[in-house]
Amino acid sequence: MAMADAHNNHGKTTFFGNDKGLKSYMKFEEKLKGALLAMTMDGLVSRAATADEFREKLKTVVDAWFGIFPNWPDAQTFSADKIFSNPQAGNQLIRSLIGVR
């Protein structure tokens with residue numbers, strides 16, 4: 001899971017000095033963008049919705065997922081930190097990924 005990898009690799013480097021955290025975070029953003037667009041394709045949220053509406057619906061989906069798979073505490077912590085605990089930062093991330101208002 002991209003969120004768990006991003007959480008676990010934050011601040012780490014490879015033996016050759018490459019930033020593992022950056023690579024993991026970029027993968028997280030790619031997967032998040034895909035999930036947000038999939039939510040529109042599934043009819044969970046309108047493509048014209050605001051970033052706040054996307055974040056609220058994403059919270060519902062993520063909470064359901066963690067209810068089914070509770071053994072991903074690193075992913076749960078990462079999602080709370082990056083998307084849900086600070087609504088303005090979460091909305092900005094969503095805006096930057098899919099270009100909503």
- Item | Residue-count net charge about N91 - beta-carbon cut-off 13 Å; Lys, Arg +1, Asp, Glu -1 | +3
- Query: Round to a whole number: what % of the accessible area of the chain belongs to carbon and sulfur, probe 1.4 Å?
  - Reply: 56 percent
- Starting from the Cα of K59, draw a straight line to each of the lysines and keep only those under 20 Å, dropping any in the same chain fewer than 8 residues away. K27, K31, K33, K82
- So how do R95, R101, R55, R47 rank on accessible area, 1.4 Å probe, biggest first, that is with the largest at the start? R101, R47, R95, R55
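For the chain, what is the calculated [θ] at 222 nm in deg cm²/dmol (nearest 500), taking -39500 (n - 2.57) for each run of four or more DSSP H residues and dividing by its residue count? Walk me through the numbers on the way to the answer.
On the way: 5 runs with 67 residues, N = 101.
Helix-only estimate at 222 nm: -21000 deg cm²/dmol.
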- Tilt relative to the chain, helix 20-41 - C-alpha long axis, 0 to 90 degrees, to 10: 20 degrees
- D52 label point, 7 Å along Cα→Cβ, cut-off 19 Å on backbone N: hits in region 74-101? 83-101
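Express the accessible area of the chain per residue in Å², computed with a 1.4 Å probe while the remaining protein chains stay in the model. Present the calculation step by step, with values, prior to reporting the outcome.
Values: 6290 Å² over 101 residues.
Per residue, the chain has 62 Å² of solvent-accessible surface.
The values are calculated or read from the model by the stated rules, or taken from the named source; none is laboratory data. Because the structure is predicted, anything quoted here is derived from the model rather than measured. Positions of Cβ are generated from backbone atoms using ideal geometry, with glycine treated the same way; all protein chains shown enter the neighbour counts. The accessibility values were calculated without ligands, DNA or RNA, using every heavy atom of the protein model including side chains. Shrake-Rupley method; radii C 1.70, N 1.55, O 1.52, S 1.80 Å.
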